Amino acid sequence: MLRVGLTGGIASGKSAVGNMFVVLGGYVVQADDIAHQLMLPGEEVYLEVVRHFGREILNPDGSIHRGKLAEAAFGDVAAGQPSRVEELNRIVHPAVVLKQEEWMRGIGRAYPEAVAVVEAALILEANMGRCFDRLVVVTCGPEQRIERWAQRRNVDLESARREVTRRMAAQLPDEKKIKAADYVIDNSGPMEKTEKQARKVFAELQRDAKKAL
């Protein structure tokens, strides 16, 4: 089995590339999905997040309102509110990493030739690169990120620009991610071009997975 980290900045198209890998035969899990499960009411991570960030981040049913948590974590520097992203990451990341490792071990036992891919935004920021055999970075231009975020969240471009800028401040720039990458997929062009790159990269990952047996 080959352990692959799939990362990139906000709205770069990581999930789109992950879906392409699935179609090509890969096994993909999203760190966001793991984090969502860990933050369900009653989970230890949920209790710690609420203890640190207060019940103001909760919906009426007691579940975590992701938008309110993001507001509390990313803060508003212009309004004098400091970022608390690192505090949130210290609570969530260790538990997410344990679940990722458990998932990859399970895939390896069931499918020895598998390409097991973990899609996560903060692999390098959390010093998790050592957890993987290969690292794939997805990139795109800044304006494309803003347009994609606006479409995804159904907000205007100015609101999207503010949110993307705020979130990118908590991430490494693409230049540093690219330096750490084994493969880079440029998602700034037509989807057909991205798919062509994904097919080429995945063929090499499959080859390496078989060599690792």
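No lab work stands behind these numbers, since they all come straight from the coordinates. Nothing here was measured: the structure is a model prediction, and the numbers come from that model. Heads up, the Cβs are rebuilt from the backbone with ideal geometry, glycines too, and the neighbour counts pull from every protein chain shown.
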For VAL184, the residues 5 or more places away or on another chain with a placed amide H closer than 5 Å to its own amide H are VAL137
Residues whose modelled amide H sits under 5 Å from the amide H of LEU6, counting only those 5 or more places away in sequence or on another chain, are VAL118, GLU119, ALA120, VAL136
A chain fully extended from VAL155 to GLU192 at 0.36 nm per residue, minus the present Cα-Cα distance, gains in nm 10.7 nm
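Please compare each pair in LYS68/LYS176; LYS14/LYS99; LYS14/LYS193; LYS14/LYS176; LYS99/LYS200 to a cut-off of 25 Å on the Cα-Cα distance and tell me which ones are over it.
LYS68/LYS176; LYS99/LYS200, as the Cα separations exceed 25 Å there.
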Segment 111-204, Kirkwood Rh and Cα Rg, ratio Rg/Rh at 1.00
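Only Cα pairs under 8 Å and at least 6 apart count here; give the relative contact order of segment 1-146 as a rounded whole percent.
Details: 191 pairs, mean separation 73.7, N = 146.
Dividing the mean separation by the residue count of segment 1-146 yields 50 percent.
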Quick calc: nm separation of the 7 Å Cα→Cβ label points for ASN127 and ASP208 -> 2.3
Sequence order, segment 127-139: Karplus ³J(HN,Hα) from phi using 6.51 cos²θ - 1.76 cosθ + 1.60, θ = phi - 60°, Hz rounded, Gly and Pro as x, gives 6, 9, x, 5, 6, 10, 7, 9, 10, 10, 10, 9, 10
Total charge of the residues flanking GLN37 in space, meaning their Cβ is under 14 Å from its Cβ, with Lys and Arg +1 and Asp and Glu -1, is -3
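Could you work out how much longer the chain between GLU56 and ALA180 gets when fully extended? Use 0.36 nm per residue separation minus the Cα distance between them, nm to one decimal.
Using 0.36 nm per residue and subtracting the Cα-Cα distance, I get 40.8 nm.
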HN-Hα couplings for segment 192-202 via Karplus (6.51, -1.76, 1.60; θ = phi - 60°), in whole Hz with x for Gly/Pro, come out as 4, 5, 5, 4, 4, 5, 4, 4, 5, 5, 5
Computed about the Cα centre, the charge dipole of the chain from +1 Lys/Arg and -1 Asp/Glu charges at the Cβ has a magnitude in debye, to the nearest 20, of 480
